[in-house]
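Everything below concerns the one structure shown next.
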Amino acid sequence: MKFKLPASLLLTGMLSGLLIGCTSGNLDGAGSDSDSANTAVGKTETYWVAPERVACQGIVPMQCLVVNKVVDGKTTEWQYFYNDIAGFEYAPGSFYKLSVETTEVANPAADASSLSYKLLTEVDKKQSYYVPNTMLTENRRWNLKQLTGLGEVNPLMLEQPANITIAGNRLSGFSGCNNFFGQVLHLFEDEQVSNSLLKLGPIGSTLMACADPNGNAVEQKLQQTLGEVNAIKVQWPFLNMYQNDELMIQFVAEDWD
């Protein structure tokens, strides 16, 4: 702010000096207040970033990151992230765990975010994330208990139960008539369905003819549905797979009793 002194005061040197001193002090004070107001204090937050961007609608159609925030050691629900994280070089295919500085933006534009984000540290990067005490291990087989869309066919009536083993970046099992195998493209395990993510690759299998019509029905539906699920939850002794919030497949641990 600029001050204009009256011409009459300039005739008195002493008063002029005093006024200039006071004015100078006020200018310094105003500058300090302004600097303080414009110096935003950031806070440190932890985010997981999903392996794929998704189509989203901001001011214009765009591709958003999908993130969840770690609060008190627990993840929040996955959500679209419309901003950029300065210093973060994203490449699809991995879950990233990031330490991020979040800062409020003074007077943001009408179409801009009121927050800015800057990468502090890339804490972790991995294709799949399993909880430390995961039950998804190479030596555990899960037998099929429930499969949506089978109608009157009961998967529990098969002579050999359909089953799956899922661990690391691989899956394998028996789908009703044939053995199958595939790749876990990405998996994020959490205690809450909305906080987990799952994407399985194409299913390959042996090509034995299937004489049992029930086994054939289970096999076709199971392999199709494994390509559609996108969330997972282990609630002992059950392994549940979901499409969004809908339970699509339920397995039970073979060793639970």
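Working ranking of peptides 169-176, 203-210, 153-160 by packing, defined as the average number of other Cβ atoms within 10 Å per residue, highest first, is 169-176, 153-160, 203-210.
Other residues with beta-carbon under 14 Å from the beta-carbon of F188 carry, at +1 per Lys or Arg and -1 per Asp or Glu, a net charge of +1.
My understanding is that a pair violates if its Cα-Cα distance is over 29 Å; which of K43/K125; K125/K233; K125/K199; K97/K221 do that in this structure? Going by Cα-Cα distance, K97/K221 fall outside the 29 Å limit.
Distances between placed amide hydrogens fall under 5 Å for K125 paired with K97, all partners being 5 or more residues away or on another chain. Applying the Karplus relation 6.51 cos²θ - 1.76 cosθ + 1.60 with θ = phi - 60° to segment 63-68 yields 3J(HN,Hα) values of 10, 9, 5, 10, 9, 10 Hz, where x marks Gly and Pro.
Scaled against 2.2 N^0.38 Å for its residue count N, the alpha carbon radius of gyration of segment 43-126 is 1.08.
GluC sites (Glu not before Pro), restricted to segment 75-133: which are DSSP loop and have at most 13 other Cβ atoms within 10 Å? Walk me through the numbers before you get to the answer.
Working: sites: E77, E89, E101, E104, E122; in loops: E77, E89.
Sites meeting the loop and neighbour criteria: E77, E89.
Bear in mind these aren't lab numbers, they're just calculated from the coordinates by the rules spelled out. Since the structure is predicted, the reported quantities are computational estimates derived from the model, not experimental observations. No Cβ is skipped: glycine too gets one built from the backbone with ideal geometry, and neighbour counts run over all protein chains shown.
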